[in-house]
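Report on the structure given below.
Computed from the coordinates by the stated procedures, all read-outs in this text should not be read as laboratory data. A quick note: this is a predicted structure, and the numbers were derived from the prediction, not measured. Glycine gets a Cβ as well: all are built from the backbone with ideal geometry, and neighbour counts include every protein chain shown.
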Amino acid sequence: MWRKEDSKPLGVPPAAIPPGAAIAPSSSINTNLPATGPGTPATLPVSPRAVACITQGIRIKGEITGKEDLFVDGALEGKLDLGNASVTVGPNGKVKANISAREVIVRGHVDGAIEGTERVQLWTSGRVTGEVRTERLAIEDGALLRGKVEAGKAHSKGAENRSKNAADAGEKSRSSAPASSQAAVI
């Protein structure tokens, strides 16, 4: 007989699964993970999409570069450059670094500049102090952001020059028009 409890993945509470993440069938999830406390089910400590993980209790100082998704739930100080990958700072993560990646998700603490080429998302537990530059920014209720924000598509210098030249040309045509037509220009 089918029961609702049978369809849920074992050991993964719903809060640990980010929205839009793919979930493996329950038969492939390792249920031999250590329990988080007496009588509590085991939880996966990492983001399901992350290939690499800096777990709680690990401290890193220096520069990290790479091309794979990274989950940071420990302490990191320095520089983090992942290019076209995703960085997730877990709820226990404490990052004092400049972060550069395609997507940055903050559930812990970040002190430094964040550059997310596509998206930066601050969860409820997220705390950011520093500059944030991204195309799309999502901030949930309860998140804290202190610093400068630049959001939206970046203007290229060529587009700025074209719009400035068009504005100058429009201004010149208005100023050289006869006085009777200048009154009609609003």
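Only one of (1) surrounded by 17 or more Cβ atoms within 10 Å (Cβ to Cβ); (2) out of contact with any Ser or Thr (no Cβ under 9 Å at 6 or more places or on another chain) is not met by residue 145, so which one is it?
Result: residue 145 fails condition (2) only.
If I go through the stretch 112-131 residue by residue, how many of them are more than 18 Å from residue 83 (Cβ to Cβ) and either buried (at least 16 other Cβ atoms within 10 Å of the Cβ) or in contact (Cβ under 8 Å) with a residue 24 or more places away in the chain (or both)? Explain how you work it out, then say what you get.
So in the stretch 112-131, the residues more than 18 Å from residue 83 (Cβ to Cβ) come out as 121-131.
From what is left, the residues that are either buried (at least 16 other Cβ atoms within 10 Å of the Cβ) or in contact (Cβ under 8 Å) with a residue 24 or more places away in the chain (or both) are 121-123, 125-128, 130.
So the answer is 8.
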